[in-house]
Structures are given as C-alpha cells and as structure tokens.
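The structure under discussion appears below in the form of structure tokens.
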Amino acid sequence: QVQLVESGGGLVQAGGSLRLSCVFSGSIFSIRAMGWYRQAPGKQRELVAVITSGSRTNYADSVKGRFTISRDNAKNTVYLQMNSLKPEDTAVYYCSADRTFVRDWGQGTQVTVSS
C-alpha cells in the first residue's frame, strides 16, 4: 500500500498561483505513475495531470500550459504547480499513486479560486 498526504491548497484570486505537494510513502517501489485529479461539487473526479516512473507527463486539455506536474524522488514528493488559475479550477485536488491493478488516493486538498 502507498500512503499519500497532500498539502498546499487554499484560496487564491483568479490569475494567481498555487503549488500542491504530495508526499508518498509505503510500497513506493511498486508505483508506476503518479497523478493529480480534481473533483468539483456535483461533478465527477477528473484527471488533471500524470507523471510516469519514466518522467513522462500528460495533462488535461483544460490545464495545458498552465499547470506543471513534477516529482522529487529524493523527497518522495510529487508537485503540481498551478499558474494562471481560473474560477473553474476550484475543486478538491487528490494525489494518486498507480500500482498494478491498484490506485491509492490521498485525502485531498481544497483549492478555491475567486473571481
């Protein structure tokens, strides 16, 4: 099992920036990819960004050019740098770790973007 703890959420004005962090521990050698998802009220959880063990990245179209996912293996941490934030980015953001047949989740961190 992989344990995930997110931090860095908060309230920011439109056009501002936030950096989310996700510290992971446990069976980290079995992780194939890590990602950030978000869920807005009344909506389904959606993929925001993913980074593989080979450092390949992929982004949702809605965040391309504004968000950057990265990882620091020495610190067992994955980051999501969010720039040019929009009110529609408001959601609970979840960190995920993909292992074979299993996806582990963090508890989530709230991001609120005011207009």
- Query: Looking at Q39, Q3, which one is surrounded by fewer than 17 Cβ atoms within 10 Å (Cβ to Cβ), closer than 14 Å to A97 by Cα and either in contact with a helix residue (DSSP H, G or I) (Cβ under 8 Å, 6 or more places away or on another chain) or at pLDDT 95 or above (or both)?
  - Reply: Q3
- Message: Filter the range 16-26 down to the residues that are surrounded by 14 or more Cβ atoms within 10 Å (Cβ to Cβ) and closer than 13 Å to A97 by Cα and list them by number.
- Response: C22, V23, F24, G26
- Note on the structure: Flagged pairs (Cβ under 6 angstrom, 6 or more apart or on separate chains; first in the range 101-114, on the phi < 0 side of the Ramachandran plot and of a type in the set (V, I, T); second assigned to a strand (DSSP E or B) and loosely packed, with under 11 Cβ neighbours inside 10 Å) are none
- D98: among the acidic types (D, E), under 22 Å from V2 (Cβ atoms) and surrounded by 14 or more Cβ atoms within 10 Å (Cβ to Cβ), yes or no? yes
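Every residue in the range 50-73 that is part of a loop (DSSP other than H, G, I, E, B) and either within 12 Å of I31 (Cβ to Cβ) or at pLDDT below 95 (or both), please.
Selection gives S53, G54, S55, N73.
In the range 22-41, what residues are closer than 14 Å to D89 by Cβ and part of a strand (DSSP E or B)?
Hits for the range 22-41 are W36, Y37, R38, Q39.
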- Kindly list the number of the only condition in (1) among the hydrophobic types (A, V, I, L, M, F, W, C); (2) loosely packed, with under 12 Cβ neighbours inside 10 Å; (3) within 19 Å of S114 (Cβ to Cβ) that fails for F29. (3)
- Considering each of Q81, Q110, Q44 in turn, give the residue that is in a strand (DSSP E or B) and either of a type in the set (S, T, Y) or exposed (fewer than 14 other Cβ atoms within 10 Å of the Cβ) (or both). Q110
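If I filter the range 60-78 down to residues being of a type outside the set (A, V, I, L, M, F, W, C) and closer than 14 Å to V113 by Cβ, which single residue comes out as least open to solvent (accessible area, probe 1.4 Å)? Before the answer, list the steps.
Residues of the range 60-78 of a type outside the set (A, V, I, L, M, F, W, C): 61-62, 64-66, 68, 70-73, 75-77.
Those still in the list that are closer than 14 Å to V113 by Cβ too: 62, 66.
Values: S62: 61, R66: 28 Å².
Taking the candidates together, the pick is R66.
The values are calculated or read from the model by the stated rules, or taken from the named source; none is laboratory data. Note that the structure is a prediction, hence the values are computed from the model and not measured. Using ideal geometry, Cβ is built from the backbone for each residue, glycine included, and neighbour counts are taken over all protein chains shown. Just so you know, the surface numbers come from the protein's heavy atoms only, side chains and all, with ligands and any DNA or RNA stripped out. Shrake-Rupley method; radii C 1.70, N 1.55, O 1.52, S 1.80 Å.
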